[in-house]
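Notes for the one structure printed next.
The values are calculated or read from the model by the stated rules, or taken from the named source; none is laboratory data. Note that the structure is a prediction, hence the values are computed from the model and not measured. Please note: Cβ atoms are built from the backbone with ideal geometry, for glycine as well, and neighbour counts cover all protein chains shown.
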Amino acid sequence: MTPPGGRRPGRSLVVRCAAVLTVSGPPVRNGWIEVARGRIIAVGCGRPRVPCIDLGDAVALPGLVNAHTHLEFSDLRRPLDTTGGLPEWIRRIVALRRARPTGADGAAGVARAVAAGLAESIAEGVTSVGEIATTLAPAVVDALAAGRPRVRVFRESLGLAAPTAAAIATVHRDLDRLAERGLAVGLSPHAPYSVSGSLGARLAELSAARRLPIAMHVAESRAEAELIAAGAGPFRDLLDQLGAWPAAAPRLLSAADWISLLARGPRGLVIHGTWLDGDRAAWSRLARHRARLALVICPRTTLALGGRLPPLHDLRAAGVRMAIGTDSRASNPDLSVRAECSTLVDAGLVSPEESLAMATVHGARAIGFDRVGSLTAGRRADVVFVRPAGRAADPVAAALDPSSPVVAVLRGGRLVAGSLPA
Ligand SMILES: [Zn+2]
């Protein structure tokens with residue numbers, strides 16, 4: 001990695017390229033972007049009046065936002081078997097976690113995976129990550145704090161029993177520990193089949209009181225609805241076998257009720273929503289709370305585990321904000337946000353421009369990073385420069401092509417991956 005050439009302390013960095021994708025407006029062809037003191041100063045077209053770095057046919061776009069992932073699995077070379085859908089995959093995840101060494105060795109392994117996931121992300125142009133953290137051992141927190149992308153750590157909670165005061169105190173302590181390390185934080189009740197209504201209500205209260213975003217997997221499989229409606233089905237079998245189903249039947253909430261709880265905080269993230277179109281109550285609440293909520297779609301994972309994608313046309317018509325996530329390498333071959341965008345575009349569900357907005361400005365807002373997500377004067381200078389590999393004439397399609405190499409990545413105006421010529 002080399003420092004941006006020609007930049008003296010206190011001076012701005014100006015980069016010229018074939019197109020600047022601001023996301024807040026149409027692409028600026030033959031454009032340039034000026035950055036100073038960590039912020040975007042200006043975007044223009046033509047030849048800038050000051051010396052600049054000329055990247056030729058490269059395209060500039062905002063740093064990408066992965067609104068949902070679990071970096072603890074980033075060391076997997078290939079996804080786990082998804083045969084049998086979500087309940088069977090969860091069984092394999094539990095077995096994987098239980099096979100890890102205990103104590104410091106196990107934590108060190110998770111920390112290495114988190115570091116690998118953050119390194120993979122920044123090299124792919126992902127400058128902001130919404131991470132669901134199940135394990136917060138000191139080594140893992142160190143890895144999260146040392147990575148180059150901005151990270152919001154959603155502290156995950158699971159449990160079908162009513163929460164004890166000690167359990168809630170532990171949540172507060174974990175959030176404080178993360179915040180002391182300079183990490184943005186949030187809350188994450190895991191899923192409707194693994195979290196009791198009483199625990200969910202406490203976490204929603206906490207989200208509102210501490211003004212924290214809250215994220216949850218919702219409507220991810222048909223088995224989830226079966227468990228909630230009848231206390232039966234593949235998830236009940238799994239929970240019984242794991243010894244996780246309590247003696248006193250838990251109070252489980254419907255997807256609609258969870259959506260109402262998630263809307264109590266400043267930002268709520270509904271993750272996946274694969275089967276939301278079959279649930280009119282959940283659907284209408286998602287639309288009603290659209291100012292606070294976003295639906296995060298993880299296309300390749302949803303296809304692998306659910307065999308379908310959420311009904312994006314209808315969600316768009318209802319005005320629901322949509323963002324992109326990769327989920328983890330336990331269900332996905334890599335952490336490429338651009339590959340997720342391409343999956344939606346290739347399926348004919350969104351235009352390249354829409355997928356770019358999902359992967360930048362909408363994702364940033366969803367995870368509460370409002371000062372990034374577009375190349376607009378005054379925003380933090382998280383910028384990716386990509387060299388188009390194919391023959392696409394459209395600069396947006398060219399930039400989102402996963403085979404187009406990332407040339408350089410700026411976070412807050414600092415070069416954090418790749419290189420810029422002198
Ligand atoms: Zn997930």
(message) Against the condition outside the structural domain of Leu344 (by TED's automatic domain parsing) and more than 19 Å from the chain's Cα centre (by Cα), how does Val409 come out, does it pass?
(response) no
(request) Output the number of residues of the range 333-356 satisfying the condition of being among the polar types (S, T, N, Q) and under 14 Å from Val129 (Cβ atoms). (result) 1
(request) Residue by residue through the range 98-107, note down the ones that are part of a helix (DSSP H, G or I), at negative phi and loosely packed, with under 15 Cβ neighbours inside 10 Å. (result) Arg98, Ala104, Asp105
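This table checks each residue for (1) without any contact (Cβ under 8 Å) to a residue 60 or more places away in the chain; (2) under 24 Å from Trp275 (Cβ atoms).
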| site | (1), (2) |
| --- | --- |
| Ala143 | yes, no |
| Arg152 | no, no |
| Ser157 | yes, yes |
| Ala167 | yes, no |
| Arg181 | yes, no |
| Tyr193 | yes, yes |
| Leu206 | yes, no |
(request) Return yes or no: is Leu206 touching a strand residue (DSSP E or B) at 6+ places or on another chain (Cβ under 8 Å) and outside any helix (DSSP H, G or I)? (result) no
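For every residue, the table says whether it meets (1) hydrophobic (A, V, I, L, M, F, W, C); (2) in contact with a Pro (Cβ under 8 Å, 6 or more places away or on another chain).
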position	(1), (2)
Asp257	no, no
Pro266	no, yes
Ile271	yes, no
Arg280	no, no
Arg285	no, no
Ala291	yes, no
Ile297	yes, yes
Leu309	yes, yes
Leu312	yes, no
(message) Can you tell me which condition Ser328 does not meet? The list is (1) within 16 Å of the ligand (Cβ to nearest atom); (2) in contact with a Lys or Arg (Cβ under 9 Å, 6 or more places away or on another chain); (3) closer than 23 Å to Ala113 by Cα, and all the others hold.
(response) (2)
(request) Could you look through the range 303-316, keep only residues that are more than 16 Å from the ligand (Cβ to nearest atom) and more than 21 Å from Ala364 (Cα to Cα), and pick out the one that is surrounded by the most Cβ atoms within 10 Å (Cβ to Cβ)? (result) Pro311
(request) Quick one: which residue in Glu88, Glu34, Glu72 is buried (at least 22 other Cβ atoms within 10 Å of the Cβ) and more than 21 Å from Arg338 (Cβ to Cβ)? (result) Glu72
(message) What's the number of the only condition in (1) more than 23 Å from Thr302 (Cβ to Cβ); (2) charged (D, E, K, R); (3) touching a strand residue (DSSP E or B) at 6+ places or on another chain (Cβ under 9 Å) that Glu72 fails to meet?
(response) (1)
(message) What are the pairs with Cβ atoms under 8 angstrom where one residue, in the range 118-138, is touching a residue at least 12 places away in the same chain (Cβ under 8 Å) and within 16 Å of the ligand (Cβ to nearest atom) and the other, located anywhere, is of a type in the set (Asp, Glu) and assigned to a helix (DSSP H, G or I)? Sequence gap at least six, or different chains.
(response) Ala133/Glu72; Thr134/Glu72; Thr135/Glu72
(message) within 16 Å of the ligand (Cβ to nearest atom) and surrounded by fewer than 24 Cβ atoms within 10 Å (Cβ to Cβ): which single residue out of Arg280, Arg210, Arg222, Arg300 fits that description?
(response) Arg300
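How many residues are assigned to a loop (DSSP other than H, G, I, E, B) and touching a helix residue (DSSP H, G or I) at 6+ places or on another chain (Cβ under 9 Å) when one looks only at the range 137-170?
Residues in the range 137-170 being assigned to a loop (DSSP other than H, G, I, E, B) and touching a helix residue (DSSP H, G or I) at 6+ places or on another chain (Cβ under 9 Å): 9 in total.
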(request) Identify, from the list Ala287, Ala330, Ala294, Ala323, the residue that is assigned to a helix (DSSP H, G or I) and either modelled with pLDDT of 95 or more or surrounded by fewer than 24 Cβ atoms within 10 Å (Cβ to Cβ) (or both). (result) Ala287
(request) Quickly run through the range 247-275 and pick out the residues that are over 18 Å from the mean Cα position of the chain (by Cα) and within 16 Å of the ligand (Cβ to nearest atom). (result) Ala255, Trp258, Trp275
(request) Confirm whether Thr360 is within 16 Å of the ligand (Cβ to nearest atom), outside the structural domain of Val20 (by TED's automatic domain parsing), assigned to a helix (DSSP H, G or I) and crowded, with 22+ Cβ neighbours inside 10 Å. (result) no
(request) Out of Ala215, Ala204, report the one residue that is closer than 19 Å to Gly130 by Cβ, away from the ligand (no atom under 16 Å from the Cβ), surrounded by 21 or more Cβ atoms within 10 Å (Cβ to Cβ) and under 21 Å from the mean Cα position of the chain (by Cα). (result) Ala204
(message) For the range 117-125, check the following and say yes or no: at least one residue is crowded, with 24+ Cβ neighbours inside 10 Å, closer than 22 Å to Ala304 by Cα and in the same structural domain as Arg155 (by TED's automatic domain parsing).
(response) yes
(request) Please indicate, with yes or no, whether at least one residue in the range 72-85 is modelled with pLDDT under 95 and farther than 28 Å from His272 by Cα. (result) no
(request) Just give me the residues in the range 240-274 being within 18 Å of Ser221 (Cβ to Cβ), in a loop (DSSP other than H, G, I, E, B) and in contact with a helix residue (DSSP H, G or I) (Cβ under 6 Å, 6 or more places away or on another chain), in sequence order. (result) Trp245, Leu252, Leu253, Ser254, Thr274
(request) Select, from Ala263, Ala248, Ala256, the only residue that is surrounded by fewer than 18 Cβ atoms within 10 Å (Cβ to Cβ) and at negative phi. (result) Ala248
